[in-house]
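Each remark here refers to the structure printed beneath this line.
The values are calculated or read from the model by the stated rules, or taken from the named source; none is laboratory data. Every value quoted in this text rests on a predicted model; they were computed, and no experiment measured them. Methodologically, a virtual Cβ is constructed for each residue, glycine included, from the backbone with ideal geometry; neighbour enumeration extends over all protein chains shown.
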Amino acid sequence: MKKNKFEFIIDSEFQSQIPALTDEEFQQLEENILSEGEVLSPLIVWGNILVDGHNRYKILQQHPEIPYSTRSISCTCETREDVLAWICKHQLGRRNLTPEQKKFLIGKQYHSEKSTRGGNHGNQYTQVANCQIDNLPSVENTTERIAKENNVSPSFVIRAEQFMKTVELMEKYCPGIQEEILSGILKLSQREATIIRGTPTEALPTVVSTWREEKLNGKPDDSEDTYENLELLSKVTENNFSTAATSKIQTPDPLSENRPFISSGRRSTELQTIREPGEKMATVDSVLEIDNTVSSTTNENRQDTVDTALAA
């Protein structure tokens, strides 16, 4: 057991993968630690970076007399991607996750494990000489393995990665929105996520903040008006805001089959703006989902398919 040695670094990306405790849960954890007189579960570290145990660490800083222990994962986690995958896999074992938190963690684990396939990315915490590094799972089996571990379909794993990327993108331009989405306060549909991912960078702050305001103001989930507003804002660029916002043409929405972006009273109108970004992301989503139904396709061919769609 250790005391009074708070030398850990808080990595914001690592910490953001761990669902936050409610005030009541944090208070209960603090009461349990004080009652036990020690921290029973070790803090998980990677070098001197805290990986798991942020809430316990916060309590320890307030009560430095309480002893604690640590466990290092430097031997089994060689890169940051390894650590992120480790965090997600262990957090997915929790029983109190919301559907959004589970989807985000599955997507992050899949993305992190894919990123490790490029070879040995050693760093200052790599201890290959002294540790037995677990063999990385083959790229071809990663999707199916993660799907089986979490009792979901391979196509869900692919969609989860896109969901995760969208939420992280939205958090970049609207801090705090990730927690609101993952806690279930704000509902992000797959179609809304596709539009947001295809939005020009300069328009993202407006798009994301407007989407958040509409959801908080009681706009129904999958609202056609929400789609129309997202479509309007996502095509606005910094240099032609006034022109793009007022220029409309009569054309069907190519992304709309069963339900258009625009409500029936205004179905014939549409923005005269560039639609390629949103259409391209929708194409990629379709390719990825179809791709996972073909078991005979190798992972390398899968990636080539996606790259081709992105280049189109």
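Only one of the listed residues (Ser74, Ser41) is farther than 30 Å from Phe156 by Cβ, at pLDDT 90 or above and among the small types (Gly, Ala, Ser). That residue is Ser41. Restricting attention to the range 65-84, the residues that are within 20 Å of the chain's Cα centre (by Cα) and hydrophobic (A, V, I, L, M, F, W, C) add up to 2.
Yes or no, residue by residue, for (1) at pLDDT 95 or above; (2) surrounded by 21 or more Cβ atoms within 10 Å (Cβ to Cβ); (3) at negative phi:
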| site | (1), (2), (3) |
| --- | --- |
| Thr143 | no, yes, yes |
| Ala160 | yes, yes, yes |
| Glu168 | yes, no, yes |
| Gly176 | no, no, no |
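Restricting to the range 184-194, name every residue that is more than 13 Å from Glu214 (Cβ to Cβ) and of a type in the set (A, V, I, L, M, F, W, C). Correct list: Ile185, Ala193. In the range 172-219, counting only helices (runs of 4 or more DSSP H) that sit wholly within it, the ones holding 1 or more residues that are in contact with a Gly (Cβ under 8 Å, 6 or more places away or on another chain) span 190-197. For the range 204-235, the set of residues classified as crowded, with 21+ Cβ neighbours inside 10 Å and either within 18 Å of the chain's Cα centre (by Cα) or at pLDDT 90 or above (or both) consists of Val207, Val208, Trp211, Lys215, listed by residue number.
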